[in-house]
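Okay, structure first, notes after.
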Amino acid sequence: MIKKIVFAACIPIVLSSCVAVKGYEKVNINDPDMELSEKLCDRNITIFHSYREAAVGANGGKTGGGCGCN
Amino acid sequence: MVFGICHAQNQGENAGDYKKRVLETAEIDILSSYYSQDGNNAAVTGGLGTEELTDFTGTFVVSIPINDDDVLTVDAGISAYTSASSSNINPFDKGFADPFIAASGASQSDTWFNLTGNYSHSSDDRNSIWSGKLSFSTEYDYTSLGFGGSYTRLFNEKNTELGFSANVFLDKWKVIYPYELRPFAPGGRGLNDFLFIENTITGNPDYNPSFTVLTDENRNSYSFGVGLSQILSKNIQGAFLADFVLQQGLLSTPFQRVYFSDVADSFIDNFHLADDIERLPDSRFKVALGGRLNFFINEYLVVRSYYRYYFDDWGINSNTLSIEVPVKIAEKFTLYPSYRFYNQKAADYFAPYNEHLSTSQFYTSDYDLSDYNANQFGFGINYTNIIMKQHKLKVGLKSIDLRYNYYKRNTGLSAGIITAGFKFVVD
């Protein structure tokens, strides 16, 4: 079920790859809260997740290094 | 970070008209966080014992424009923690030994240092970005050296962004074993050790663990990542992210105990003496596939969503789902309510306290590798000084971020983290 949801979410990305929003139309896209990366102030939260949870990666955080043993 | 830089470049459209600096002025970010957790499933004591831990982290990130095209970022961090479970690597140093009581030995606290340098170069048309990274971190029993690079290409009038990254981490352990197992290492005195002479063993008095020392002290990680982001409309953009990680070497933690159900139990005070240390395969392959979708609802409201599916060859698979809804309440203030759900299926090698069999090849009672789900609730506030009138010493405060997140697992572990971030720009 979850895989289907992800697949469905990816479809509009693929289909719209030919759409070009002009630079002067990107006022809203350029809003700092629209960034497609985690904010720097959330970095230590992501690190704590990588220590306490098995899953890492696909979030812009680190994917290796450190023991995470405490 | 590369995606962040690209975002900034989007603001400077029509690069052919003039060449805008990738970063106008130097920026300094100061981050700090305080983390606290508690639970009753410490891996150091074989899945039963206090998990109380506190950590304070301070980080400086300085981004310096070298010229119009290049940016050097230096990231230095220090993290100091105290851990009740780590203190129980030697629970016999003072007083009554008990997995739910912190001992007072040296292992109760440690300090972690990190230094990372990143250099990025953008092409004249701002459609290509190369970057290289070098990192080093160290703590008492662990050092890590990392290096890597990335390449990002923007096309379709900067509506589409495709990036590749590769990183290598070469880590080394200083192996520390549970205190009661050390007399059973080669050259040890076994039950003639001072520990067993000074203390009385209850339960099975013939304590004789089948303990062998580890031969590999290195852990190497190799990762490859792909990112594709796409502007979908004037108000929606999304990204697909994939990371593939191969780890080799010592992937277990040498001071984490394991207890076998088919071995008679031995105790000193209330402390169950280890049957063995955690044993895990020397290779692990991880795959993480994630997607982000951000919606600009109106000038007051943005919705940021994220989903990740993860699996590895240890039998773990997990789902992460998060949503954050920034609400602009005034020109300079934004609120950040957020929710995150996480679940995972246990590793093939996990079993709770005293449920492993001594005939198994691999075993762990680390609840970070167990079956569980977790909920996280967060709230934050951001202050952004857009005009920055109050410059002193040529340094101006650009923004302040404060966040609090509460994390709760259905296994009982709970944690809270407070973070504060200050961004300054230098004239």
* If you place +1 on the Cβ of every Lys and Arg, -1 on the Cβ of every Asp and Glu, and leave all else neutral, what size is the dipole of chain B about its Cα centre, to the nearest 20 Debye? -> 1700
* Asked: What residues qualify as long-range amide H neighbours of residue B:45, i.e. H under 5 Å apart, gap of 5 or more or another chain, H built at 1.01 Å from N?
  -> B:257
* When only Cα pairs under 8 Å and 6 or more residues apart are kept, what is the percent relative contact order across the stretch B:16-66? -> 44
* **Span from the the stretch B:54-132 Cα centroid across to the the stretch B:191-255 one, whole angstrom** => 17
* **Protection proxy ranking, peptides B:85-92, B:162-169, B:360-367, average beta carbon neighbours within 10 Å, highest first** => B:85-92, B:360-367, B:162-169
* Structure fact -> Counting Lys and Arg as +1 and Asp and Glu as -1 over every other residue whose Cβ sits under 15 Å from the Cβ of residue B:92, the net charge comes to -3
* Burial ranking of peptide ranges A:42-49, B:132-139 (average Cβ count within 10 Å, highest at the top) -> A:42-49, B:132-139
* Structure fact -> Residues whose modelled amide H sits under 5 Å from the amide H of residue B:66, counting only those 5 or more places away in sequence or on another chain, are B:71, B:72
* **Dipole axis of the protein assembly as shown (+1 Lys, Arg; -1 Asp, Glu on Cβ), positive-most option in B:363, A:24, B:84** => A:24
* Asked: Per the helix-only calculation at 222 nm, which mean residue ellipticity applies to chain B, given -39500 (n - 2.57) for every DSSP H run of n ≥ 4 and division by its residues, nearest 500 deg cm²/dmol?
  -> -1000 deg cm²/dmol
* Structure fact -> Surpassing 27 Å at the alpha-carbon level, of the pairs B:234/B:408; B:286/B:408; B:286/B:398; B:20/B:398; B:174/B:423; A:26/B:408, are B:234/B:408; B:286/B:398; B:174/B:423; A:26/B:408
* Structure fact -> Counting sequence-distant residues (5 or more places) and residues on other chains, those with an amide H built under 5 Å from that of residue B:316 are B:348
* Structure fact -> Magnitude of the Cβ-charge dipole (Lys and Arg +1, Asp and Glu -1) of the stretch B:222-336 about the Cα centre, nearest 20 debye, reported as 920
* To do: Treat each spin label as a single point 7 Å out from the Cα along the C-beta direction, and report the residue B:168 to residue B:30 distance in nm.
  => 3.8
* Would you work out which of B:253, B:305, B:288 lies farthest towards the positive end of the dipole of the stretch B:230-353, given +1 charges on the beta-carbon of Lys and Arg and -1 on that of Asp and Glu, about the Cα centre? => B:305
* Structure fact -> Computed about the Cα centre, the charge dipole of the protein assembly as shown from +1 Lys/Arg and -1 Asp/Glu charges at the Cβ has a magnitude in debye, to the nearest 20, of 1740
* Determine ³J(HN,Hα), in whole Hz, for all residues of the stretch B:106-111 in sequence, where each value follows from phi through the Karplus function 6.51 cos²θ - 1.76 cosθ + 1.60 and θ = phi - 60°; x replaces Gly and Pro. => 4, 6, 6, 8, 7, 10
* Mind checking which of B:233, B:336, B:178 is farthest towards the positive end of chain B's charge dipole, using Cβ charges of +1 (Lys, Arg) and -1 (Asp, Glu) about the Cα centre? => B:233
* Asked: Across the residues of B:25-32, average count of Cβ atoms on other protein chains within 10 Å?
  -> 1
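What is the mean number of Cβ atoms from other protein chains located within 10 Å of the Cβ atom of each residue in peptide B:337-345, rounded to a whole number?
Per residue, the average neighbour count from other chains is 2.
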* Please give, to one decimal in nm, the separation of the simple spin-label points placed at residue B:218 and residue B:321, each 7 Å out from Cα toward the Cβ. => 4.3
* Structure fact -> Shielding of B:237-247 by other chains, given as the mean Cβ count within 10 Å, works out to 5
* Structure fact -> Among the stretch B:317-350, those whose backbone N falls under 17 Å of a label point 7 Å along Cα→Cβ from residue B:297 are B:322-330, B:334-340
* Asked: When Lys and Arg each count +1 and Asp and Glu each count -1, what net charge do the other residues less than 13 Å away from residue B:40, Cβ to Cβ, add up to?
  -> -3
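No value in this document is a laboratory result; all are computed from the given coordinates. Computed from a predicted structure; not experimentally measured. When we count neighbours, we look across all protein chains shown, and the Cβ atoms used for this are built from the backbone with ideal geometry, even at glycine.
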